[in-house]
Amino acid sequence: MVEVVMAPCSPVECETAVVIDVLRATSTIVTALSNGASGVIPVKTIEEALEKRKEGVLICGERNAQRPEGFDLGNSPLEYRKEKISGKTIVLTTTNGTQVIEKIRSEETVAASFLNLSAVVEYLKNKESIVLVCAGTNGRFSLEDFLLAGAIVKRLKRDDLEDGAQVAKRYFESVKNKKEEVKRHSSHAKRLISLGFEDDVEFCTTEDLFKTVPVLVNGVFIPKESL
Ligand code: MLT
């Protein structure tokens, strides 16, 4: 069975969970691991992140889309360049993306973005029961997360789709230009653009720049290649 849930308010129990926060947390996790970070540790609060400072990690993330005081990097994937992050462990806290991970009770959890779409689909090929968990924005529906969920469902080519997965697939099929759809109609994209992050929206809606699938192992996303 393939299921799609949006901004869940209660725990999601499943075999394989795919966490999706296109703008921008899972795009950042995929970029960081593809550019050589050794792991990404998602944490809920700014305090938890800062407490890990003594472990020699980079403290990263956002609140209200901006880098909090005392943090090394924000939540723009474009900041996660090889020379800054190669070989480093990253501690990441974001408003929605890292919060939704706390709600997942799965046998395995992977992170998806448009940036690693084909690699994620390949990774999911032999998985029986999959829940695509969209982070949403502040507990609300997010167009860009649902669009990526639809892209994944379409590529999986399966018949055992629960209602949300069927609708996500049909929505994806109805969209002619993914970038335009997100830039014009996603509230979170419009907000990021108004704050000067248009390059992030452009980058995060680009397909298959990376082959990395982040897999959560003992609370740390580590890179796997599936292609
Ligand atoms: C989040 O996790 O809430 C988002 O990534 C926010 C953002 O765009 O920085």
All-but-one check, F203 against (1) part of a helix (DSSP H, G or I); (2) within 16 Å of the ligand (Cβ to nearest atom); (3) surrounded by fewer than 17 Cβ atoms within 10 Å (Cβ to Cβ), failing number (3)
Of the residues in the stretch 13-53, those that are within 18 Å of C134 (Cβ to Cβ), within 14 Å of the chain's Cα centre (by Cα) and away from the ligand (no atom under 12 Å from the Cβ) number 3
Against the definition (part of a loop (DSSP other than H, G, I, E, B) and either crowded, with 23+ Cβ neighbours inside 10 Å or in contact with a helix residue (DSSP H, G or I) (Cβ under 9 Å, 6 or more places away or on another chain) (or both)), how does R170 come out, yes or no?
no
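Readers should treat all values here as calculations from the given coordinates under stated rules, not as data from a laboratory. None of the values given here were measured: they were computed from a predicted structure. A quick note on method: Cβ atoms are made from the backbone with ideal geometry, for glycine too, and the neighbour counts reach across all protein chains shown.
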